[in-house]
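Structure first, commentary second.
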Amino acid sequence: MDVFKRFPYIKESILISEKNFSEYTKKAKPYYSSVNGIGKYYAVCPVCDNPIQIIGLYKSEEGEKRAPFGKHYKGDIKGLAKYNDQAYHLCPYHNPYYQGKRMRRAKGNKTSNAIYNYLINHFDEIIKKLEERIHIKISYTFAKELKESFLLNAGWEYYDCTYDNLPLMLLYAQPAYTLVKRRIRKNTEISKMLGSIEDIILEDIEGENYLKVEPKAKKFVELSFMVCNHKKEIKKERLIETFKLLVYKGNQKIYSETIVI
């Protein structure tokens with residue numbers, strides 16, 4: 001992994017570099033230890049809250065060209081983080097291609113509790129990020145519906161759900177929703193596509209950077225959108241998560257956009 005955080009159970013992601021590690025940790029215990037005169041550097045995985053060891057911070061382990069990186073540490077680091085074996089095996093930094101059934105963390109899991117608290121305390125911010133990702137305005141009523149469904153289904157308890165993908169996870173397990181009467185951000189690929197549909201009108205909203213989706217001549221138009229296809233992969237130590245935003249007219253797919261986390 002190419003990022004670290006200083007404490008478990010917080011939303012934080014810091015690029016691994018000698019400069020960042022020194023500035024953020026002050027190279028003090030528990031982030032630094034010396035074994036027989038050899039320095040060891042530790043931090044926390046931003047996804048699974050397990051301890052990690054920073055490799056190659058001052059000397060590349062695999063040639064001069066490789067940047068320093070984080071590697072899960074299978075043991076507790078006193079004063080920093082406790083090792084959780086199941087969290088390690090389901091962490092995308094360890095196995096991004098895990099295709100098993102969606103698994104839930106145990107009740108009372110500290111990572112789950114931290115994600116839940118982040119959802120409750122930063123919900124407006126999360127909705128704003130969701131709007132930015134999908135270019136669709138989320139009304140107060142719609143946001144409330146998404147929140148209630150997510151809480152009812154305990155979405156924060158699943159290993160797939162992380163601090164960073166939480167905005168998209170609000171929609172991921174949901175059914176398709178209508179686009180009619182919703183507001184679409186101007187000058188986006190999805191707004192250009194909708195503007196080309198014959199039986200749709202995009203009404204300008206004064207003072208806003210959105211267009212309202214209306215059917216022509218008040219005809220019935222079956223127009224829906226969904227978020228699906230959650231995938232994870234590691235590229236050069238970086239976790240890349242993607243979702244698909246799909247739009248359907250009736251049963252015909254008319255738009256697809258890859259959303260990168």
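The values are calculated or read from the model by the stated rules, or taken from the named source; none is laboratory data. Nothing here was measured: the structure is a model prediction, and the numbers come from that model. As a convention, Cβ positions derive from the backbone with ideal geometry for all residues, glycine included, and neighbour counts pool all protein chains shown. Ligands, DNA and RNA are excluded from the accessible area calculation, which covers all protein heavy atoms including side chains. Shrake-Rupley method; radii C 1.70, N 1.55, O 1.52, S 1.80 Å.
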Inset, instruction - All but one of (1) open to solvent by 70 Å² or more (accessible area, probe 1.4 Å); (2) touching a residue at least 60 places away in the same chain (Cβ under 8 Å); (3) among the hydroxyl-bearing types (Ser, Thr, Tyr) hold for Tyr58, so report the exception by its number. - result: (2)
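May I ask you to verify whether Tyr9 is assigned to a strand (DSSP E or B), out of contact with any His (no Cβ under 9 Å at 6 or more places or on another chain) and among the aromatic types (Phe, Trp, Tyr)?
Considered against the rule, which asks whether it is assigned to a strand (DSSP E or B), out of contact with any His (no Cβ under 9 Å at 6 or more places or on another chain) and among the aromatic types (Phe, Trp, Tyr), Tyr9 comes out as no.
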Inset, instruction - Among the residues of the range 225-237, count how many are in contact (Cβ under 8 Å) with a residue 60 or more places away in the chain, surrounded by fewer than 16 Cβ atoms within 10 Å (Cβ to Cβ) and assigned to a strand (DSSP E or B). - result: 1
Legend entry - helices (runs of 4 or more DSSP H) wholly inside the range 14-131 containing at least 1 residues that are under 19 Å from Gly155 (Cβ atoms) and under 21 Å from the mean Cα position of the chain (by Cα): 85-89, 110-121
Legend entry - Filter result (outside any loop (DSSP other than H, G, I, E, B), hydrophobic (A, V, I, L, M, F, W, C) and buried (at least 16 other Cβ atoms within 10 Å of the Cβ)) within the range 143-168: Ala143, Leu146, Phe150, Trp156, Leu166, Leu168
Inset, instruction - Look through the range 183-211, keep the residues that are charged (D, E, K, R) and either out of contact with any strand residue (DSSP E or B) (no Cβ under 8 Å at 6 or more places or on another chain) or assigned to a strand (DSSP E or B) (or both), and return whichever of them is least open to solvent (accessible area, probe 1.4 Å). - result: Arg185
Inset, instruction - Take the range 6-25 and flag every residue that is within 12 Å of Leu57 (Cα to Cα) and either among the acidic types (Asp, Glu) or surrounded by 14 or more Cβ atoms within 10 Å (Cβ to Cβ) (or both). - result: Ile16, Ser17, Glu18, Asn20, Phe21, Ser22
Inset, instruction - Quick one: in the range 238-253, of everything that is assigned to a strand (DSSP E or B), closer than 18 Å to Met193 by Cβ and free of Cβ contacts under 8 Å to residues at least 24 places away in the same chain, which residue is least open to solvent (accessible area, probe 1.4 Å)? - result: Leu246
